[in-house]
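To keep things clear, I will list the structure first and then write my remarks on it.
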Amino acid sequence: MLSLRNKRIWVAGHQGLVGQALARALPATGASVLTVPRSELDLRNQQATRHWLQQHNPDMVIVAAATVGGIGDNQVRPADFLYDNLMIEANIIHEAAQLGVEKLLFLGSSCIYPREAAQPIAPAALLSGPLEPTNEAYALAKIAGVRLVQSYARQYGCRFITAMPCNLYGPGDRFDLARSHVIPALILKMHQARLRQQAQLELWGTGQPLREFLYVDDLAAACLRLLQIYEGDAPVNIGSSLEISIAALAKQVAVTVGYQGAISFNPAHPDGTPRKILDSTVMRGLGWQPSVPLGQGLALTYEWFCNHQAEARLVA
Ligand code: GFB
């Protein structure tokens with residue numbers, strides 16, 4: 001087991017949902033967290049990224065930096081999702097290898113797997129079929145990142161590994177009606193609907209797709225475990241192993257937020273992939289399991305949202 005004690009670990013993307021959770025979790029391991037604000041370093045810029053890495057010389061790197069968004073954002077910004085993510089991952093992974101960092105963890109997403117993959121999805125399903133069109137640009141970039149990590153490990157012997165989380169949620173997310181993932185979007189919509197005493201609220205798609213959600217602090221715990229004990233070539237899936245339909249999720253968010261009006265679905269908006277539950281057997285075998293059930297996670301997220309509306313990256 002690799003000790004993280006006294007290691008200087010760069011959390012690239014510490015202002016995002018995942019990066020914030022990693023920065024919360026790392027100090028308990030005895031590691032010190034290195035960060036740099038987005039406004040000071042554009043990770044799409046190779047020279048700037050190289051310069052920063054050479055100056056700060058981390059022992060380990062976690063690549064949680066990415067241009068991300070929900071189904072709506074993916075559809076309107078495919079160029080940003082493809083270009084930004086290719087550049088960010090190529091710059092960090094290459095420069096980290098040049099610098100000889102001890103270990104690097106690259107984070108992808110369950111959407112890298114084929115739309116029609118057998119469920120639950122095993123890492124071996126990668127590149128076995130066509131991708132879900134609504135997030136193809138993002139998935140292609142993340143697949144390239146996985147292959148880049150594996151290639152540096154094979155060619156140069158770097159201890160670089162990858163992890164693929166299911167749909168994540170939690171404190172510190174972006175609450176934006178057009179751009180967020182489904183949980184923050186529903187929290188914001190239902191919060192506003194309750195305040196406006198709306199009798200009716202429309203959500204996207206049919207409500208039928210199934211999703212697997214994981215509270216972001218549970219993901220952070222899994223990532224630290226992987227840094228400490230995983231050395232394999234294959235991506236490690238990280239999920240709660242529980243599925244819920246979007247319609248059932250909407251009911252649960254309504255209870256959490258206290259919205260009592262009607263909920264309808266508009267199929268003119270896309271559903272995305274019908275189902276994407278991960279086979280997380282390897283992660284479970286490493287002694288990790290999720291600790292925050294969906295109901296509790298939604299309550300914690302809504303509480304955070306209510307207490308931090310000024311900083312909740314909120315766009316209504
Ligand atoms: O979380 P989400 O945006 O992305 O949407 P994906 C999940 C489901 O919720 C879809 C439905 O079936 C949406 O149609 N939905 C209903 C809504 N109402 C809303 C709403 O108001 N906002 C949103 N956002 N959804 C993402 C990828 O796919 O999964 C990312 O786009 C990433 O790239 C992530 O990979 C894990 O789960 O469909």
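The values are calculated or read from the model by the stated rules, or taken from the named source; none is laboratory data. All values derive from a computational prediction rather than experimental measurement. Note: ideal-geometry Cβ built from the backbone for every residue, glycine included; neighbour counts use all protein chains shown. Accessible surface areas use protein heavy atoms only, side chains included; no ligands, DNA or RNA. Shrake-Rupley method; radii C 1.70, N 1.55, O 1.52, S 1.80 Å.
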If only Cα atoms are counted, what is the Rg of the stretch 170-257, and what is its Dmax, in Å? 16.2, 53
Could you work out the percent of alpha carbon pairs in the stretch 71-130 separated by over 13 Å, rounded to a whole number? 72 percent
Accessible area per residue for the chain in Å², computed with a 1.4 Å probe and the full protein assembly in place, what is it? 43 Å²
Given N residues in the stretch 13-72, what is its alpha carbon radius of gyration divided by 2.2 N^0.38 Å? 1.21
When the accessible area of the stretch 8-311 is computed with all protein chains present and a 1.4 Å probe, what percentage of it is carbon and sulfur? 52 percent
5 angstrom amide H check on Leu168, placed H, neighbours 5+ away: Leu214
How many percent of DSSP beta bridges within the chain run antiparallel, rounded to 5? 10 percent
Spacing of the two label points (7 Å from each Cα toward its C-beta) at Gln155 and Ala124, in nm: 2.8 nm
Which net charge results when you count Lys and Arg as +1 and Asp and Glu as -1 among the other residues whose beta-carbon is under 13 Å from that of Arg211? -2
On alpha carbon coordinates alone, what is the Rg over Rh value for the chain, Rh being the Kirkwood radius? 0.96
Take the Cα atoms of the stretch 157-316, find their three principal axes, and give me the spread along each one in whole Å, biggest first. 57, 33, 24
Separation between Cα centres of the stretch 116-172 and the stretch 21-71, rounded to whole Å: 20 Å
Could you state the angle between the C-alpha long axis of helix 46-56 and the longest principal axis of the C-alpha atoms of the chain, as a value from 0 to 90 degrees rounded to the nearest 10? 70 degrees
Loop-resident sites, the stretch 226-306, for GluC sites (Glu not before Pro), counting at most 12 other Cβ within 10 Å (DSSP): Glu231
What are the extents of the Cα atoms of the stretch 13-115 along their three principal axes, listed from largest to smallest and rounded to whole Å? 39, 32, 28
Let me check the size of the stretch 64-219 from its C-alpha atoms; what are the radius of gyration and Dmax in Å? 17.5, 60
